[in-house]
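Read the structure below first, then the notes.
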Amino acid sequence: KPEMVAGHSLGEFSALVSAGALSFADGLKLVAARANAMQKACEIQPSTMAAILGLDDYTVEYICQEISNVVVPANYNCPGQLVISGTIAGIDEACEKLTAAGAKHALKLNVGGAFHSPLMEAARVELKHAIVHTEIKAPVCPIYQNIDARPHTDPEEIKHNLIAQLTGPVRWTQTVVRMLEDG
C-alpha cells in the first residue's frame, strides 16, 4: 500500500489508479477522452511549448506576464527547468526575452499544442463532462495533485483538480518538495 502518490500531468491518472481511487478501465477511458479533447483544442489554435533552462521560476513567470500573447508557465519540472506554453508568437518572443535575461537554453519543444495553458480551455470543458461522470473513490493514501501540489483524499476535490489541471500548471517541483516535507 503506498503512503502517498503523485503523477506528472497524464501520470496523475496512473497515480489515482495505483491509490485505488480510479479503476484501471475508467483510467484508460479518461486518458483517451483527455487525448481526444486536447487534440481538438490544438486544432483550434496553433500553439506550442518551450523548455527554459537555467533561470529561476520568478524570472520566467515575470517575463511571461510581460508578453502580450498567451504565454504561461506550464510545467515546473525541477529547479532551473520550467516549461512554458502559449501561442507560437508568444513562445518565440518569450524565448528571445528569456535568453536575453540569462537562460542557458530556451528550447522550443516538438509538441502539438500549448498544454497546461488557457489555450486548452475547450479541452477542459470537454473533459469535465467525462470526469464528472466517472466514479472516483477515496484513495487509500493522499494524492498530491499537479494544480496545487497538495495532498487530497476527497473524491470531489480530486475531480475538480483533474479538470483544472488541463489549463493550469503542473507544479511538479513543488509537489516533490511537499511530499518530502510530509515524509
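The values are calculated or read from the model by the stated rules, or taken from the named source; none is laboratory data. Small disclaimer: the values here were computed from a predicted structure and weren't measured. Here the Cβ is made from the backbone with ideal geometry for all residues, glycine too, and neighbour counts use every protein chain on show. All accessible areas refer to the heavy atoms of the entire protein, side chains included, with ligands and DNA or RNA removed. Shrake-Rupley method; radii C 1.70, N 1.55, O 1.52, S 1.80 Å.
Only one of (1) open to solvent by less than 50 Å² (accessible area, probe 1.4 Å); (2) assigned to a loop (DSSP other than H, G, I, E, B) fails for residue 84. Which number is that?
Every listed condition holds for residue 84 apart from (2).
Determine which single condition residue 47 fails, assuming it passes every other condition in (1) small (Gly, Ala, Ser); (2) closer than 16 Å to residue 115 by Cβ; (3) out of contact with any helix residue (DSSP H, G or I) (no Cβ under 7 Å at 6 or more places or on another chain).
Going through (1) small (Gly, Ala, Ser); (2) closer than 16 Å to residue 115 by Cβ; (3) out of contact with any helix residue (DSSP H, G or I) (no Cβ under 7 Å at 6 or more places or on another chain) one by one, residue 47 breaks only (3).
Going by the conditions given, is residue 175 in a helix (DSSP H, G or I), of a type in the set (S, T, N, Q) and surrounded by 15 or more Cβ atoms within 10 Å (Cβ to Cβ)?
Yes; evaluated as a whole, the condition is true for this residue.
For the stretch 12-53, which residues satisfy the criterion of being modelled with pLDDT of 95 or more and outside any helix (DSSP H, G or I)?
19, 20, 21, 22, 23, 47, 48, 49, 50, 51, 52, 53
For the subset of the stretch 120-146 comprising residues that are open to solvent by 70 Å² or more (accessible area, probe 1.4 Å) and assigned to a loop (DSSP other than H, G, I, E, B), which member is farthest from residue 8 (Cα to Cα)?
Only one residue tops the list, namely 133.
Please pick out the residue among 77, 110 that is modelled with pLDDT under 95 and either within 16 Å of residue 173 (Cβ to Cβ) or among the polar types (S, T, N, Q) (or both).
Being modelled with pLDDT under 95 and either within 16 Å of residue 173 (Cβ to Cβ) or among the polar types (S, T, N, Q) (or both) holds for just one of 77, 110, which is 110.
Considering only residues of the stretch 8-35 that are of a type in the set (S, T, N, Q) and in contact (Cβ under 8 Å) with a residue 60 or more places away in the chain, which is nearest to residue 130 (Cα to Cα)?
Residue satisfying both the conditions and the ranking: 23.
Please specify each residue of the stretch 39-54 satisfying the condition of being among the hydrophobic types (A, V, I, L, M, F, W, C) and surrounded by 21 or more Cβ atoms within 10 Å (Cβ to Cβ).
Selection gives 41, 49, 50, 52.
Would you confirm whether or not the stretch 97-119 contains a residue that is open to solvent by 70 Å² or more (accessible area, probe 1.4 Å), within 14 Å of residue 51 (Cα to Cα) and in a helix (DSSP H, G or I)?
yes
Run residue 170 past the list (1) closer than 25 Å to residue 23 by Cβ; (2) open to solvent by 50 Å² or more (accessible area, probe 1.4 Å) and report the number of the one that doesn't hold.
Of (1) closer than 25 Å to residue 23 by Cβ; (2) open to solvent by 50 Å² or more (accessible area, probe 1.4 Å), only one is false for residue 170: (2).
Pairs needed: first member in the stretch 66-92, on the phi > 0 side of the Ramachandran plot; second member anywhere, surrounded by fewer than 18 Cβ atoms within 10 Å (Cβ to Cβ) and part of a strand (DSSP E or B); C-beta distance under 9 Å; at least 6 residues apart or different chains.
Hits for this filter: 80/53.
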